[in-house]
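Chemist: Structure incoming, see below.
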Amino acid sequence: MFRIVEKTEPVPNTHLVTIEAPKVAAKCQPGQFVIVMVDDRSERVPLSLADWDSQAGTLTVPVFEVGRSSRKIAMLQAGDEFAHLIGPLGRPFPIAKHGTVVCAGGCYGLAAIYPIARAMKEAGNRVVCVLEARSHYLYYQQDRLAEVADELLYATIDGSRDRKGHACDVLSDMLTQQRPIHLVVAVGCPFMMMLCGEATKTAAVPTWACLNPIIVDGTGMCGACRVTVAGQTRFACVDGPFFDAHQVDWDELFHRQAAYLGDEVQAVGQTDAPLHPHHHH
Amino acid sequence: MPEQPAEVRIDNFDEVPSGYTADLAVTEALRCLLCKNPRCVAGCPVNIDIPGFIKLIQDRKFDEAARKIKEENALPAICGRVCPQEDQCEKLCVLGVKGEPVAIGRLERFVADYERVQGQVQLAECAPPTGRKVAVIGAGPAGLTVAGDLVLLGHKVTIFEALHKPGGVLMYGIPEFRLPKEIVEAEVQYLTRLGVELVTDFVVGKLESVDELLEQGFDAIFIGTGAGLPMFMNIPGENLVGVYSANEYLTRSNLMKAYLFPEYDTPTIRRSKAVVVGGGNVAMDAARTARRLGAQVTIVYRRSRNEMPARVEEVEHAEQEGIDFELLANPTRILGDDQRRVVGIECLRMELGEPDDSGRRRPVPIDGSEFVIDVDTVVMALGNKPNPLVPQTTAGLEVSRWGTIVADEQTMQTSKPGVFAGGDIVSGAATVILAMGQAKIAAKAIHEYLNTLTPGKDAQE
Amino acid sequence: MTDTSRETGSATAQTVTITIDGRELRALARQTVLEAALANGIDIPHVCYHAEVGPIGSCRLCIVEIEAVNGLPTSCTTPIAEGMVVRTETEQINKLRKALLELLLLNHPTACLVCDKQELCLKYRYNPSKAGRTTGCNFCNNKDICDIRKLAERFGLTELIYPPSYEGRPLERAEPFIDRDYNLCVLCGRCVRICRDVHGTAAVEFVDRGGRTRVAGPSELPHAELQCRFCGACIDVCPTGALSDRYAKWRGAPDRSEQTYCALCPIGCPLAVHVRGDRAIGTASVPDQDPASRPLCALGRFAVAEFAAGQDRFTHPQIRTDGRWRRANWDEAIRAAAERLAQYKESQAAVVADASSSLETRHLLRALAELGLNGARLFIAPHNAAPEAALPALTEAIRNGQIKAAYVATAAIDPAVLDSLDLLIVQDCYPSPVSEAATVILPTTVFIEAGGTFADRDGVVKKLQAVVPPPGEARPEWQIAADLARALGQDHLAYESLEQVSAALEPTASNRSTGETVEQPDPAHDLSALPKYFRGHRMSRHVKGLAQLEELIAGRSESAFESGD
């Protein structure tokens, strides 16, 4: 059983869950993810890693509530347990010295980008973090990112902080200013990552996106998570989750992600009342 | 054998053959001649003493019959259901020369079910602890068999399973209506009661590698990770919404119980028209699952009926359930709408030409014979390749060009000392019973290997 | 929301002539400028006004210029006068309105409204994400029908002047039926007014003061916990996603709304059914009705769509052979039923209808009993009856062996005597202990899927509409009964349409609803009067929110007892 040690909702709709999983925590590497199941009827839900502590034997994952399964997780409290946790899955992101590495994060990516930013910094890179959020009150983790980044740049869709627009607009600004960028790593919703890829395409800056298709088994056994990259079919769970943003068939990813939205409507409407009504996280 | 009629069973996931009653079983058992030199035993990949257990059924000693089978086969309730007995023991039965062979498989099933339902499952006695530790990777048929044999010999066995439930294909691949999961769970429970440790949610190759397990003190490793890598045709449209590998389709339905959505969270895969591409047992399973989910189903297979590798019984069941067959047809592309959802599959007619390497006549396309079937679901059941995770993360493990682990036929020993392998990861996609056969060979060899090592610190004097 | 003019009182509708934006209009004398404009297709922007609750003049978006009047009065509170000249849009007004909207949206997530990638987003992400907390339109269930969003688009909002904030009020999702996210509330007050002023309850109220004013629901108002009757009117008038119907919220905007009646109890309230595709996604009270006349009860408002859409609805005829159910086609099933029933004649057989059956259905079931089965007894299960207690006379007759075969169009049969029947044939919409004991099951429609007439508890005959198709092969009850009667030799019952049956009804005989006609409390005002059963089916088993509501009622009555209320 995997006990929740701590659970917070730092900004609306985003939850940070710290889970006791000593064996997995000892092996986590930047860029990887885990799969959780709340109980035996749950879906297998993939979640990127925000951080881990091998001493304490815990790992932390961001959960964005966008449907039935994430809602089930969002309604848990510290002390509750996940029935299953599998990991670490996915290929670790290759860490090397490149020069200037831009780590762009949006939504759950604001948490998930941290391990990569940290590792890139340790490898001697100059790290610039670009944080995208719909509004200024949706930023979280800035302090932690500030600890490992040389520079933090903000993009808000409503213009309430710094640059009005998306992370891709900040990237465009940087390229227009002819700032050297050797590598871009983007973690967030596919829309955000697709736009980041488009922003860097002409300048041919290597850009890696953390793809998040529907996953079922997570070990390459079923092919549910297949994506098309450079015209080839790849499995996000074992070949990814990071792929070359310039080569991803984004249109296909969006449509495949939407496969069960209609079915989910039926389930979400019948979700049980919260276990702890009116509780605050 | 009483069976659920087709028009009833397409609405449920209950088992199709309802099994013998005690009287029916005894009647069938009495047909057996109890040959002095039984031919059937040679056909059994695990060498069950067939006349031995049948005699006990004749004498109405069902519990003893169960124990007799379990001397060689730890999973009789499963084998009785999924073995292709018609190609193995029953094929060699003397009575089969002129008439019907003894229904050995059904008798095995009866005995195993009887024992389980009566609740009198007796634990076999294990040998004294040897102090040796064995890691079994994969809780599928091969892994469970190795574990079952080794624990009886006194070794400490830990099974590491990547999924959240044990069973491997028994759990995720074979549908409820062919192999109830309750039975798989009962069989696994028997092993844990014997002392086997089962660790689920553990992906060897990601969480820990085989080498790390050896470093941690396991004296031997058995790799039974199976052929869990789906094959696709690489035709246009294969990534449209509604195209599944059989693995995904069956995993959703069997392991994640999508047929009970929304009680179970994994979304339903109910659609109205499905095509299943392939002719093996997996294709039949996928087609019959789709049928039960309410779809009109067509199986598309590039060769003819005779070449279909699926068990005849399962093909017949599929036909009875109203599943159509488009034989001598091969898909060329899958068509989608503007939301990238499947709307049709285009196929080409085939004719049989010269035999290929497998000895079967090669299908040859007929130019200009394209036709389209309107569907909203396509399931690719073309077979599976070995899952590369463990081979790729284990140093010194020789792997063939097909991705299978190379293992000695007599001992199932791999190129890495102390590491053995069996089942689909060695043979390529095959059957449950063949995996068990290899597992038995491996268990024997592992036991002998462990005896060559210097005694473990926990060994009894 | 439809904005219709409201006639308030005067017998002769006096009209005046006014000019709005250069157009001369005749309008009813007692209307406001806003009402007159809306009635004539001039859409003056407004938020706090709603046709069902009337004006309050707080949002000020409806300001207009009126000749010879100082300043910019709110059109919602200004009565029209003969010769009035109004301008609804000027540069000044438009600027002010945009600023007012922004103030309204100060605490409302507005990012998606001003995002410059909206078109692209719509292309790739046409379904809103089912967020717990809405942080933008693309995460809001109200996206497709949101009044605020429409206004933002209309005013061309592309930037925010004031820094937005998010209060972080807790989500309230524990109540039956209603999800509340007050972080989306724009303080229009429509919910407070419709609850208090129109329906005379106080289940939602403004609390705190000044800049901290906000709307609070029952969870915060202890006395109000005893008051909400789950009529859903607050949800229907809420312009944002702050209040939503938990079952319907993510199903998107309806394609159409059709009017019929609710048949869950003998009151027979007029019902608007919202349909998307071929599925009912929700129901509401009919908009053109005088809203004070009657709100819907919790069942009419929240149970109908979910009840119709249950996963375990009967969809195909089934025949039991050798203890197992198998599907059959209609011909086979009717024949099987007729053959078996034919062996039981006269007093040995019974036909059981339900009080909720339409008059046409009852007519045919009566014909089936009297003619098809040569004088079999006809029973009618009363409304809201538990199966055990519905028909004591029938139970007795089965128990003492008088009745051996039954054809039932209800689930309200005492389960204790089912084994005593030799033959049981069921036409129903859902499984029940009764259908489990049957030999043949014939799937029926529910009332939004079939037409028919019924007499409400006051004897008024009302006509039902078939609004959505039934699932699978389910058929209307009258049709099944007619087919069965014909199969039993009653060829004169060869009705081809519902209209033919309706025409054949005897007006006087069927105009009284059978069963109890005792004065009953109103479930729209008294939660304890909510029907628990429909056709013998326990409603809370089919509609999740009803089970929660029953717990809530039990809890309330306990606390009422304790507090001595």
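Chemist: If you average the sequence gap of Cα pairs under 8 Å that are 6 or more apart and divide by the length of the stretch B:6-118, what percent do you get for the contact order? Spell out each step's value before the answer.
Modeler: Numbers: 139 pairs, mean separation 34.7, N = 113.
Relative contact order comes out at 31 percent.
Chemist: Can you give the net charge of the other residues whose Cβ lies under 11 Å from the Cβ of B:Met284, counting K and R as +1 and D and E as -1?
Modeler: Working: positive: B:Arg178, B:Arg288, B:Arg291, B:Arg311; negative: B:Asp285, B:Glu313, B:Glu314, B:Glu316, B:Glu319, B:Glu321.
Neighbour charge sum, excluding B:Met284 itself: -2.
Chemist: Under a Cβ-only charge scheme (Lys and Arg +1, Asp and Glu -1), can you give me the dipole magnitude of the stretch B:230-384 about the Cα centre, in debye to the nearest 20? Display every interim value, and only then the final one.
Modeler: Numbers: 19 positive and 24 negative charges, 50 e Å.
Its charge dipole is roughly 240 debye.
Chemist: Quick one: net charge around A:Pro12, please, counting Lys, Arg +1 and Asp, Glu -1 for every other residue with C-beta under 12 Å from its C-beta. Present the calculation step by step, with values, prior to reporting the outcome.
Modeler: On the way: positive: A:Arg134, C:Arg133, C:Arg169; negative: A:Glu9, A:Glu65, C:Glu167, C:Asp181.
Residues near A:Pro12 contribute -1 overall.
Chemist: Restricting to DSSP H runs of at least four residues, report the calculated mean residue ellipticity at 222 nm for chain C, -39500 (n - 2.57) per run over all residues, nearest 500 deg cm²/dmol.
Modeler: One gets -6500 deg cm²/dmol as the mean residue ellipticity at 222 nm.
Chemist: Give me, ordered by chain and number, the residues 5 or more places off B:Val297 or on other chains with an amide H under 5 Å from its own placed amide H.
Modeler: When sequence neighbours closer than 5 places are left aside, the close amide H contacts are B:Ala274, B:Asp324.
Chemist: With 10 angstrom as the radius, rank A:Asp51, C:Asp144 by how many other C-beta atoms surround their C-beta, starting from the fewest. Please list the in-between numbers first.
Modeler: Numbers: A:Asp51 20, C:Asp144 14.
Fewest-to-most ranking of A:Asp51, C:Asp144: C:Asp144, A:Asp51.
Chemist: Here's another thing I want to ask about it. Could you run the Karplus curve 6.51 cos²θ - 1.76 cosθ + 1.60 with θ = phi - 60° over the stretch C:322-331 and give me ³J(HN,Hα) per residue in whole Hz, x for Gly and Pro?
Modeler: 6, x, 10, 7, 9, 6, 9, 8, 4, 4
Chemist: Sort B:142-150, C:277-285, B:246-254 by the packing proxy (mean of other Cβ within 10 Å over each peptide's residues), most packed first.
Modeler: Numbers: B:142-150: 30.0, C:277-285: 20.7, B:246-254: 26.8.
So the peptides B:142-150, C:277-285, B:246-254, ranked by packing, come out B:142-150, B:246-254, C:277-285.
Chemist: Can you compute 3J(HN,Hα) from phi for each residue in the stretch C:434-446, using the Karplus curve 6.51 cos²θ - 1.76 cosθ + 1.60 with θ = phi - 60°, rounded to whole Hz and x for Gly and Pro?
Modeler: Values, residue by residue: 5, 5, 4, 8, 7, 9, 10, 10, 10, x, 10, 7, 10 Hz.
Chemist: So what is the relative contact order for chain A, in percent, with contacts set as C-alpha pairs under 8 Å and at least six apart? Don't skip to the end; give the middle numbers.
Modeler: Working: 638 pairs, mean separation 44.7, N = 281.
Computed value for chain A: 16 percent relative contact order.
Chemist: Compute the Cα gyration tensor for the stretch C:318-504, then decide on rounded, prolate or oblate, letting a ≥ b ≥ c be the square roots of its eigenvalues: rounded whenever a/c is under 1.5, prolate when a/b is larger than b/c in the other cases, and oblate in all that remain.
Modeler: Values: a/c = 1.38, a/b = 1.23, b/c = 1.12.
Here the stretch C:318-504 falls in the rounded category.
Chemist: Assign one of three labels to the protein assembly as shown, namely rounded, prolate or oblate, based on the Cα gyration tensor with a ≥ b ≥ c the square roots of its eigenvalues; rounded applies when a/c is under 1.5, prolate when it is not and a/b is larger than b/c, and oblate otherwise.
Modeler: On the way: a/c = 2.12, a/b = 1.23, b/c = 1.72.
Oblate shape, in that a/c is at least 1.5 and b/c is the bigger or equal ratio.
Chemist: Quickly estimate the mean residue ellipticity at 222 nm for chain A, helices only: each DSSP H run with n ≥ 4 gives -39500 (n - 2.57), and the total goes over all residues, rounded to 500.
Modeler: On the way: 9 runs with 69 residues, N = 281.
Dividing the helical sum by the residues of chain A leaves -6500 deg cm²/dmol.
Chemist: Please report the net charge: other residues with Cβ closer than 15 Å to the Cβ of C:Gly451, K and R +1, D and E -1.
Modeler: Values: positive: C:Arg362, C:Lys462, C:Lys463, C:Arg475; negative: C:Glu258, C:Glu360, C:Glu449, C:Glu477, C:Glu496, C:Glu499.
Local charge sum for C:Gly451: -2.
Chemist: Average partner chain C-beta neighbours within 10 Å, per residue of C:162-175?
Modeler: Details: counts 1, 7, 8, 4, 6, 2, 5, 1, 5, 7, 3, 7, 7, 3.
Counting other chains' Cβ atoms within 10 Å and averaging over C:162-175 gives 5.
Chemist: Here is a further query. Using alpha carbons only, how many degrees (0 to 90, rounded to 10) separate the axis of helix A:167-176 from the longest principal axis of chain A?
Modeler: The answer is roughly 10 degrees.
Chemist: Placing +1 at every Lys and Arg Cβ and -1 at every Asp and Glu Cβ, with all other atoms neutral, what dipole size does the protein assembly as shown have around its Cα centre, in debye to the nearest 20? Numbers along the way, then the final one.
Modeler: Numbers: 134 positive and 168 negative charges, 212 e Å.
I would put it at about 1020 debye.
Chemist: Can you classify the stretch A:44-85 as rounded, prolate or oblate using the Cα gyration tensor, where a ≥ b ≥ c are the square roots of its eigenvalues, rounded means a/c under 1.5, and otherwise it's prolate if a/b beats b/c and oblate if not? Intermediate values should be presented prior to the final figure.
Modeler: Working: a/c = 2.12, a/b = 1.58, b/c = 1.34.
Prolate is the answer for the stretch A:44-85, as a/c is 1.5 or above and a/b outweighs b/c.
Chemist: Now for a separate question. To make sure I understand the rule: partners must be aspartates and glutamates, Cα under 15 Å from the Cα of C:Lys117, and not fewer than 8 residues away in the same chain. Which ones qualify?
Modeler: Cα-Cα hits under 15 Å: A:Glu132, A:Asp158, A:Asp169, A:Glu198, C:Glu153, C:Glu159.
Chemist: Shielding of A:150-162 by partners, i.e. mean partner chain Cβ atoms within 10 Å per residue? Walk me through the numbers on the way to the answer.
Modeler: Details: counts 0, 0, 0, 0, 0, 0, 3, 9, 12, 10, 8, 1, 0.
Neighbouring Cβ atoms belonging to other protein chains average 3 per residue here.
Chemist: Something else now. HN-Hα J couplings of the stretch C:274-282 from phi, Karplus 6.51/-1.76/1.60, θ = phi - 60°, integer Hz, Gly and Pro as x?
Modeler: Once θ is set to phi - 60°, the couplings for the stretch C:274-282 become 8, 10, 10, x, 10, 10, 6, 9, x Hz.
Chemist: To make sure I understand the rule: partners must be aspartates and glutamates, Cα under 17 Å from the Cα of B:Lys385, and not fewer than 8 residues away in the same chain. Which ones qualify?
Modeler: Reachable aspartates and glutamates: A:Asp217, A:Asp239, B:Glu248, B:Glu398, B:Asp424.
Chemist: In whole percent, what relative contact order does chain C give with Cα contacts below 8 Å and a gap of six or more residues?
Modeler: Answer for chain C is 11 percent.
Chemist: Hey, another quick one. I want to check the label-to-label distance for B:Asp14 and B:Val372. Put each point 7 Å from Cα in the C-beta direction and report it in nm to one decimal.
Modeler: It is 4.2 nm.
Chemist: Further question: Would you calculate the separation in nanometres between label points at C:Asp43 and C:Ser497, each defined as 7 Å from the Cα along the Cα-to-beta-carbon direction?
Modeler: Between C:Asp43 and C:Ser497, the simple spin-label model gives 3.8 nm.
Chemist: Between B:Gln339 and B:Val117, take the C-beta separation as r, use R0 = 56 Å, and let me know the FRET efficiency to the nearest 0.05. Don't skip to the end; give the middle numbers.
Modeler: Numbers: r = 49 Å, r/R0 = 0.87.
Calculated transfer efficiency: 0.70.
Chemist: While we're looking at this one, here's another question. Have a look at the stretch B:230-384 and give its Rg and Dmax from the Cα atoms, expressed in angstrom.
Modeler: 15.2, 51
Chemist: Mind checking which lysines have their C-alpha under 22 Å from C:Lys95, skipping anything on the same chain fewer than 8 residues away?
Modeler: Within the straight-line limit of under 22 Å, C:Lys95 reaches these lysines: C:Lys150.
Chemist: OK, next. As an exercise, use a Förster radius of 25 Å and the Cβ-Cβ distance of B:Leu34 and B:Lys61 to find the FRET efficiency, rounded to the nearest 0.05. Please list the in-between numbers first.
Modeler: Numbers: r = 14 Å, r/R0 = 0.57.
The pair B:Leu34/B:Lys61 has a calculated efficiency of 0.95.
Chemist: Okay, moving on. Take every DSSP beta bridge with both residues inside the protein assembly as shown and express the antiparallel ones as a percent of the total, to the nearest 5.
Modeler: Numbers: 94 of 170 bridges.
For the protein assembly as shown, the DSSP antiparallel bridge percentage is about 55.
Chemist: Using modelled backbone amide H atoms (1.01 Å from N, in-plane), which distant-in-sequence or interchain residues come within less than 5 Å of B:Arg361's amide H?
Modeler: Residues meeting the criterion, in which the H sits 1.01 Å from N, are B:Asp356.
Chemist: Rounded to the nearest 0.05, what FRET efficiency is calculated for C:Val85 and C:Gln259 with R0 set to 60 Å and r the Cβ-Cβ distance? Walk me through the numbers on the way to the answer.
Modeler: Details: r = 38 Å, r/R0 = 0.64.
According to the calculation, E is roughly 0.95.
Chemist: Label-point separation (nm) for A:Asp53 and B:Glu3, each offset 7 Å from Cα along Cα-to-Cβ?
Modeler: For A:Asp53 paired with B:Glu3, the spin-label model returns 6.0 nm.
Chemist: So how strong a dipole does chain B carry about its Cα centre when Lys and Arg Cβ are +1 and Asp and Glu Cβ are -1, to the nearest 20 debye? Provide the component values of the computation, followed by the final result.
Modeler: Values: 49 positive and 65 negative charges, 87 e Å.
Dipole size: approximately 420 debye.
Chemist: Hey, another quick one. Roughly how crowded by other chains is peptide B:262-272, in terms of the mean Cβ count from those chains within 10 Å of each of its Cβ atoms?
Modeler: Values: counts 11, 4, 5, 15, 9, 13, 6, 3, 1, 0, 0.
For this peptide, the per-residue mean of nearby foreign Cβ atoms is 6.
Chemist: Which of the helices in chain B meet the span-like rule: DSSP H, Cα axial reach of 15 Å or more, Kyte-Doolittle mean at least 0.0?
Modeler: Numbers: long enough: B:104-118 (21 Å, -0.53); B:141-152 (17 Å, 1.40); B:181-194 (20 Å, -0.15); B:281-292 (16 Å, -0.66); B:432-452 (30 Å, 0.59).
Sorted by number, the helices that extend far enough and score high enough are B:141-152, B:432-452.
Chemist: Turning to a different aspect of this structure: What ranking, highest mean first, results for peptides C:294-307, C:42-55, B:269-282, C:489-502 when packing means the other Cβ atoms within 10 Å averaged over each residue?
Modeler: Numbers: C:294-307: 25.6, C:42-55: 21.4, B:269-282: 23.4, C:489-502: 14.9.
Descending packing order for the listed peptides: C:294-307, B:269-282, C:42-55, C:489-502.
Chemist: Further question: B:Leu153's amide H: which non-local residues (gap 5+, or another chain) put their own amide H closer than 5 Å, with H modeled 1.01 Å from N in plane and none for Pro or chain starts?
Modeler: Those lying under 5 Å, H to H, from B:Leu153 are B:Ala127.
Chemist: Have a look at C:Ile148, C:Pro170, C:Leu100 and report the one farthest towards the positive end of the charge dipole of the stretch C:77-191, computed about the Cα centre with Cβ charges (Lys/Arg +1, Asp/Glu -1).
Modeler: In the stretch C:77-191, that residue is C:Pro170.
Chemist: Where both residues lie in chain C, what percent of DSSP beta bridges are antiparallel, nearest 5?
Modeler: Details: 41 of 61 bridges.
Antiparallel bridges: around 65 percent, rounded to the nearest 5.
Values quoted throughout were computed directly from the atomic coordinates according to the rules given, and no laboratory measurement underlies them. Owing to the predicted nature of the structure, the values given are computational and were not obtained by experimental measurement. Cβ: placed from backbone, ideal geometry, glycine included. Neighbour counts: every protein chain shown.
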